[in-house]
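Rule-based calculations on the coordinates, nothing more; no lab input. This is a predicted model, so every value here is computed, not measured. Cβ: placed from backbone, ideal geometry, glycine included. Neighbour counts: every protein chain shown.
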Amino acid sequence: MNILRKGCMFGGFLSLVLSLSAQTFTTVHSFDGTDGKQVFAGLDQAANGYFYGAAGAGGTEDAGTIFKITPSGKLTTLYSFCSQGGCPDGVAPDATLVPASNGDLYGTTFGGANRGGTVFKISPGGKLTTLYTFCSKSGCSDGNGSDAPLVPATNGDLYGTTLFGGASNACSGGCGVAFKITLTGTLTTLHSFDSTDGDAPRALVRATDGNFYGTATQGGTNGGGTVFKITPSGKLTTLYNFCSQSGCTDGANPIAGLVQATDGNFYGTATQGGANGYGTVFKITPSGKLTTLDSFGPYGFPEATLVLATDGNFYGTTSSGGAAGDGTIFKITPSGKLTTLHTFDGTDGEFTAAALVQDTNGKFYGTAPGGGANGDGTVFSLSVGLGPFVETQPNSGKVGSAVKVLGTNLIGATSVTFNGTAAVFKVVSASLITTDVPTGATTGTVEVTTPKGTLKSNVAFRVTK
């Protein structure tokens, strides 16, 4: 079996064996169509400890579902789409759900009353409300077709993109838009792409400077897609145009979003191009200097946003490749050393296209849109020996603002600190602590002391003014 990719086969055999011996891959759930199928969206962990996800098809009307699932694999279908005549609630939810400050989860669909997609919210118990229907303005100038996760801002608004629509006629059906929407459904179009600055924008990420960074799959000066920065008010700057090197060795057609690391740089993937033509992993500075870290091949096609784990490395998936051609899970260091951790073989899933999520117990969880016991996709977990941690929602805020601290085995916690400053807190459950940013707090790690030890946050909490 090809454990390490060609070009990364260094390090002793013994270290490889020891590394793999610490890994445990588990198929947590196999979809059967009635509870969903074609799960292209990733999972997100809510304050109650459940993972929430969306299936692009299946359910009572074969139009997709919203589900929750425990880390051990107990799945509950919360909602089946196209439950009303004409499908005003939408179809085919392909974006990862995002928990908001009010406790609800927010997402997007295709379809809807105008067939341009929707933005919806759903309660943890399954009550769905359609907040906005795209294509409600002439020519779909407000956008059409969103399949990227929404991103919360510090003020509680959500930011996102659509693949099509917008004011520009440079692309057939429009080049897409960036928008913001309030938690109650008021939408503002921030920017209409015009192909020169990108076409078919994908997921955004909110950076430490308060701006949003993202990728566009096509367009730009070379037609290979772009990396851009956009302010909360909508001023867009193109940072990089892909396929700027001979043979597109820098990559082309980024489908996935970016992730910001502790060094301040962004890391991402391109689905095409690279030295072998099967995509790349890259690093890009906030000012736009791009470095190619690795080229996939033969086969690969990384379609999912990388996740920055508690060990400082990045973890991701490919939708093809591996011994069976059904996709892989890989780890890559910030310097570019890539290791294949798992190769899918169909029985445990195939064609992985969604980002992994690291549970507060240290394991990674993900979805595959195909394969599994019934051929309808899977939820899986992968343990690589990383320990438990805590996660804050949100991961930034002013002094006095409310913060949820998610974790594992939090009962009996005796202290919560923000970069060393003690906070008043309440243990709500084994997976949730509520607190406020204490006076005197500064940007840094949140730590929770429990009877089993001290848990640190996976990212630094940023104290804002």
Packing-ranked peptide list from 256-262, 113-119, 363-369, highest mean Cβ count within 10 angstrom first, is 363-369, 113-119, 256-262
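Please give the length that would be gained between S429 and T70 if that part of the chain were fully extended, namely 0.36 nm times their separation in residues minus their C-alpha to C-alpha distance (nm, one decimal).
Working it through step by step, the gained length comes to 127.7 nm.
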Simple SL model, points at 7 angstrom along Cα→Cβ for K137 and A207; separation in nm is 2.6 nm
Calc'd 3J(HN,Hα), the stretch 270-278, phi into Karplus 6.51 cos²θ - 1.76 cosθ + 1.60 (θ = phi - 60°), Hz, glycine/Pro = x, comes to 10, 7, 10, x, x, 4, 10, x, 10
If every Lys and Arg gets +1 and every Asp and Glu gets -1 at its Cβ, then about the Cα centre the chain yields a dipole, in debye to the nearest 20, of 1080 debye
For Y240, the residues 5 or more places away or on another chain with a placed amide H closer than 5 Å to its own amide H are V227
Once phi for every residue in the stretch 223-240 is put through the Karplus expression 6.51 cos²θ - 1.76 cosθ + 1.60 (θ = phi - 60°), the whole-Hz ³J(HN,Hα) values, with Gly and Pro written as x, are x, x, x, 9, 10, 9, 10, 9, 6, x, 8, x, 7, 9, 10, 7, 9, 7
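Extension gain S287-T24, at 0.36 nm per residue separation less the Cα-Cα distance, in nm?
Extra length available between S287 and T24 comes to 90.8 nm.
Students often get this wrong, so check it: of K74/K465; K68/K283; K235/K398; K235/K337; K137/K465; K235/K456, which have C-alpha atoms separated by over 30 Å?
In this structure, K74/K465; K68/K283; K235/K337; K137/K465; K235/K456 exceed 30 Å between Cα atoms.
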With a Förster distance of 35 angstrom and the Cβ-Cβ distance between S335 and K127, calculated FRET efficiency to the nearest 0.05 equals 0.15
If each K or R counts +1 and each D or E counts -1, the residues other than R202 whose Cβ falls under 15 Å of its Cβ total -3
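Relative contact order for the stretch 252-304 using alpha-carbon pairs under 8 Å, separation at least 6, rounded to a whole percent? Each step should come with its number before you reach the end.
Numbers: 127 pairs, mean separation 17.8, N = 53.
That works out to 34 percent.
How high is the FRET efficiency between S244 and N409 when r is their beta carbon distance and R₀ equals 45 Å, given to the nearest 0.05? If you can, show how the numbers build up before the last one.
Values: r = 49 Å, r/R0 = 1.09.
With a Förster radius of 45 Å, E is 0.35.
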Long-range amide H partners of L293, meaning residues 5 or more apart or on another chain whose placed amide H is closer than 5 Å, are V281, F282, K283
Descending packing, highest mean Cβ count within 10 Å first, for 324-336, 395-407 is 324-336, 395-407
By the C-alpha gyration tensor axes a ≥ b ≥ c (rounded if a/c is under 1.5, else prolate when a/b exceeds b/c, else oblate), the shape of the stretch 391-464 is prolate
Counting only residues 5 or more apart in sequence or on a different chain, those whose built amide H sits under 5 Å from that of G198 are G220
Length gained, N114-T443, 0.36 nm per residue minus C-alpha separation, equals 114.0 nm
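Would you work out the relative contact order for the stretch 391-464, in percent, from Cα pairs under 8 angstrom that are 6 or more residues apart?
Computed over the stretch 391-464, the figure is 37 percent.
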Looking only at lysines whose Cα falls under 17 Å of K289's and that sit 8 or more positions away or on another chain, we get K229
So, relative contact order of the chain in percent, Cα under 8 Å, 6 or more apart, is 11 percent
Phi angles of the stretch 180-185, converted by Karplus (6.51 cos²θ - 1.76 cosθ + 1.60, θ = phi - 60°) into ³J(HN,Hα) in whole Hz with x for Gly and Pro, give 10, 9, 6, 5, 9, x
